[in-house]
Amino acid sequence: MLKVKVEDIELEGSLSVKFKDKITELDGCNIEADVKFKNMGEFIQALGHIKGKIVLECDRCLNKFDYDLDIDIDETYAKKSLYEDYSQELELSSGQFITDLNGEDEIDVYDLLYQSVILALPNKRVCGINCNEGLFVSDEDMEVHDERMDVFKNIQIKGKG
């Protein structure tokens, strides 16, 4: 696992990390990432970029396909617990999500990259715009004969003309 010490970021003011490897939890995911951690007083900001490929399964045809990753990272970490300051419920808007380190002295870069990739994956995974597999069913496949429904074939309703 790739981790950076909060102390090293505080001493240097900023710290850059490069990553070029597989994310083992994600099948066929190879990435290259550059992340810069910057000391912001009570907070640490992580800015970076991920490029790479992951193998996904098409939701339509179930074939495997390569999906290009191009992800920006913008994460903020709180060095001390924010629970006392924000113990009440409040609505978060864009840019207000902060990861609480809860006194931890390290940031797990691998976990940051893993979460960034997971969150960037499409909800509907389709191998291409022209994927038609699994969308069309023949008329023969649609015909189901249920003898219990035969009674409705010849029904006539009075008063309707």
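Structure values in brief
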item: Single match in LEU26, LEU15 (criterion: on the phi < 0 side of the Ramachandran plot, in contact (Cβ under 8 Å) with a residue 12 or more places away in the chain and not in a strand (DSSP E or B)); result: LEU26
item: Selection count, region 29-62, where residues are touching a residue at least 40 places away in the same chain (Cβ under 8 Å) and over 20 Å from the mean Cα position of the chain (by Cα); result: 4
item: Hits in region 1-28 (condition: over 18 Å from the mean Cα position of the chain (by Cα), over 15 Å from GLN115 (Cβ atoms) and among the charged types (D, E, K, R)); result: LYS5, GLU7, ASP8, GLU10, GLU12, LYS18, LYS20, ASP21
item: Residue in region 1-33 that is surrounded by the fewest Cβ atoms within 10 Å (Cβ to Cβ), counting only those that are hydroxyl-bearing (Ser, Thr, Tyr) and closer than 30 Å to VAL55 by Cβ; result: THR24
item: Residue in region 48-65 that is modelled with the lowest pLDDT, counting only those that are closer than 21 Å to ASN123 by Cβ and basic (Lys, Arg); result: ARG60
item: Residue satisfying all of: in region 66-103; at pLDDT 55 or above and small (Gly, Ala, Ser); nearest to ARG125 (Cα to Cα) among these; result: ALA78
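The values are calculated or read from the model by the stated rules, or taken from the named source; none is laboratory data. What you are looking at is a predicted structure, and each value in this text was computed from that prediction instead of being measured. All Cβ positions, glycine included, derive from the backbone under ideal geometry; neighbour counts span all protein chains shown.
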